[in-house]
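This report refers to the structure that appears directly beneath it.
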Amino acid sequence: MKQRINELKERFASELSKVTDKQSLEELRLSFLSKKGQVSLLMQELAKIPNEQKKEAGQLINSFKQEVSARFDQKLEEMKKLEEECLINSAESYDESLPENIKKGSYHPITLVQRELEDIFGSMGFDVEDYSEIVDDYHCFEALNIPKFHPARDMQDTYYLSTRNQLLKSHTSAAQNSIMHKYGKLLKENGRPIRAVFPGRCFRNEAIDACHENTFFQMEGIMIDKDISISNLIYFMKTMLSEVFERDVTVRLRPGFFPFVEPGFELDIQCSICGGKGCPSCKNSGWLELCPCGMIHPNVLKYGGINSEEDPYEYTGFAFGLGLTRLAMMKYGVKDIRTFNEGDLRALSQFVSR
Ligand code: DAH
């Protein structure tokens, strides 16, 4: 009996290794484990052997049966897994007309830049905040020291909804007021500085061309605490830009006017293409405008519930508004802003994160 079982074991192993599909696996299973299968035949033979050998032979048959069924289960699992993998990789589940390199899917270049910046700011202790795309006039303008009919509104004409004074936000600065209210208590009661970045989609009524889109992305950031100064602003901006461009960057600040900061700046970085000598990419100036910023205006801190009328300079802070779309264009050498919204996978799937 022992020898019979050993032979069957070998036969089973060799047949199992030849099985390539589920049907032949099932056939093999039946030939061993069905009522008329090999294991049943062994059982019938058991009746014929002398009584004193029955116990041992019975155990041998049983353990053979268990081994066979365990190996079937295992093989079936392996085949199922393989089938799933094949399905995922097979052309059947994809549009055959897609070029080979874009079948796997990829992140949008703006998503890549946004995530990279979130990581960089996260490592510097900044919270990452999400904010709605539909806002009201107060948050988009008035809370930012841009009263009704202020000329600064002309630059930010956007899309207005017909209900409840709502509009599509024209800049990520629209979230500043809410974030100040959200974290102000922690700042005042626990001394936890407010450090937050808030990326988002912005909208403007623009005439579209290679440099202007009606839909684009920014990433705003604020830091508020006692004694925050322009040096803190420069330090954070330089550190962040060095990380993004993976080298030390030279920056310069020029005065710039934005009603919600005082003083306000345009932050430029030295053109990496010509090293500051001047070339077509930097319009021969040697510098690229990258990130408007400034010290948060006392009115904005007051509307945000940070400072009181009596002590308008108790806390100070800086704010910056990074053009994420612009940054993605510079980083990846995209010449036409429209590429980002056109949804052409041949263009959009080429980018990878570092
Ligand atoms: N919100 C401004 C815009 O979109 C950019 C900006 C300028 C943001 C200065 C800031 C800042 O936080 O300090 O034009």
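No lab work stands behind these numbers, since they all come straight from the coordinates. Every value quoted in this text rests on a predicted model; they were computed, and no experiment measured them. Don't worry about glycine lacking a Cβ; one is built from the backbone with ideal geometry, like all the others, and counts go over all protein chains shown.
Structure data summary
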read-out: Relative contact order computed over the stretch 197-337 (Cα-Cα under 8 Å; 6+ residues apart), in percent; value: 27 percent
read-out: Radius 9 Å from Cβ of Met329, net charge of other residues (Lys, Arg +1; Asp, Glu -1); value: +2
read-out: Extension reserve of the Ser97-Glu45 stretch, reckoned as 0.36 nm per residue once the Cα distance is removed; value: 12.6 nm
read-out: Positive-end residue of Ser178, Ile5, Leu46, charge dipole of the chain with Cβ unit charges; value: Leu46
read-out: Local net charge near Ser308, Cβ-Cβ under 9 Å (Lys/Arg +1, Asp/Glu -1); value: -3
read-out: Longest segment of the chain lacking GluC sites (Glu not before Pro) that sit in a DSSP loop with at most 10 other Cβ atoms within 10 Å; value: 97-245
read-out: Inter-probe distance in nm under a simple model that places probes 7 Å from Cα toward Cβ, at Cys211 and Tyr313; value: 3.8 nm
read-out: Cα long-axis angle, helix 2-18 against the chain (0 to 90 degrees, to the nearest 10); value: 40 degrees
read-out: Qualifying trypsin sites (Lys or Arg not before Pro) in the stretch 179-264, DSSP loop, other Cβ atoms within 10 Å at most 15; value: Lys226, Arg247
read-out: Long-range HN-HN contacts of Glu262 with modeled amide H, under 5 Å; value: Met295, Ile296, His297
read-out: Environment charge at Ser132 (Cβ cut-off 15 Å; Lys +1, Arg +1, Asp -1, Glu -1); value: -2
read-out: In degrees, nearest ten, helix 38-48 long axis to first principal axis of the chain (Cα); value: 30 degrees
read-out: 29 Å Cα-Cα threshold exceeded, pairs from Lys148/Lys335; Lys169/Lys335; Lys2/Lys36; value: Lys148/Lys335
read-out: Excluding exposed DSSP-loop chymotrypsin sites (Phe, Trp or Tyr not before Pro) (at most 16 other C-beta within 10 Å), longest clean stretch of the chain; value: 160-256
read-out: Relative contact order [Cα under 8 Å, 6+ residues apart], the chain, whole percent; value: 16 percent
read-out: The stretch 2-90, relative contact order [Cα under 8 Å, separation at least 6], %; value: 31 percent
